[in-house]
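Nothing in this text is a laboratory measurement; each read-out follows from the coordinates by a stated rule. None of the values given here were measured: they were computed from a predicted structure. We place every Cβ from the backbone using ideal geometry, glycine too, and count neighbours over all the protein chains shown.
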Amino acid sequence: LLSVFFFVFCVFFCFFFFFFKQKTAYEIYQCDWSSDVCSSDLFWNLIETAGSMLLGFSFLVFIWNIWQSKRAGVAAPADPWDGATLEWSIPSPPQEFNFAEIPTVDARDPLWEQKRSQGRPLPEPPRVSGEGIHLPNPSVKPLITALGIGVFFTGFLLGSPWPIPASLTINLPVVLIGFALTAYGIFSWAFEPA
């Protein structure tokens with residue numbers, strides 16, 4: 001994790017270094033690298049390139065780890081990290097609901113307190129049916145809401161298709177479509193029968 005942070009730092013620090021110097025990629029490409037002006041740019045460009053390659057390699061390692069974990073098929077136990085909070089006290093993988101009944105919290109770190117009081121790790125919690133627990137029905141409305149929000153903010157990025165007024169920097173039709181989608185998604189989701 002620390003190496004990924006370092007690689008991201010290399011890539012984005014150097015990117016912002018060039019950005020604040022107002023150097024475009026074309027200017028960097030056209031630079032005479034034998035001059036003193038461009039030699040510092042060459043160093044930072046080299047650091048940025050190496051960091052981006054190492055960052056890409058770390059993503060490949062991450063994808064390989066996901067693939068190996070999926071292929072092995074070994075499920076993690078309920079509390080692999082000796083957690084202190086209650087979300088580590090439910091079965092793994094978690095069920096659709098968190099708790100069959102609301103737990104009583106009487107300490108800052110309730111799971112650790114339970115472990116200390118028993119003097120040993122807690123056993124794997126049993127899976128329960130969850131009968132009587134009300135869960136909302138599956139819905140496509142959150143997806144519509146998210147899509148509407150995305151379209152709404154995209155309208156701010158696109159710019160105005162009309163020459164007048166010049167100060168209007170939003171694409172009003174796209175913004176209105178995004179607003180309508182978002183409003184429809186939120187209100188239909190709120191009044192959807194459970």
(message) Modelling each spin label as a point 7 Å along the Cα-to-Cβ direction, I'd like the ALA76/GLU131 distance in nm, to one decimal.
(response) 3.2
(request) Could you run the Karplus curve 6.51 cos²θ - 1.76 cosθ + 1.60 with θ = phi - 60° over region 93-101 and give me ³J(HN,Hα) per residue in whole Hz, x for Gly and Pro? (result) x, x, 7, 4, 9, 7, 10, 5, 9
(message) Please list the three semi-axes, largest first and in whole Å, of the ellipsoid equivalent to region 78-193, using sqrt of 5 times the eigenvalues of its alpha carbon gyration tensor.
(response) 49, 19, 11
(message) Taking 0.36 nm per residue of sequence separation and subtracting the Cα-Cα distance, how much length would be gained by fully extending the chain between ARG120 and SER58, in nm to one decimal?
(response) 18.6 nm
(request) State, to one decimal in nm², a quarter of the convex hull surface area for the C-alpha atoms of region 51-145, i.e. the direction-averaged projected area. (result) 10.9
(request) Could you tell me the distance between the Cα centroids of region 169-186 and region 73-149, to the nearest Å? (result) 37
(request) Output ³J(HN,Hα) for region 178-194: one whole-Hz value per residue in order, computed from phi by the Karplus curve 6.51 cos²θ - 1.76 cosθ + 1.60 with θ = phi - 60°, and x for Gly and Pro. (result) x, 5, 5, 4, 5, 4, 4, x, 5, 6, 5, 5, 5, 9, 6, x, 8
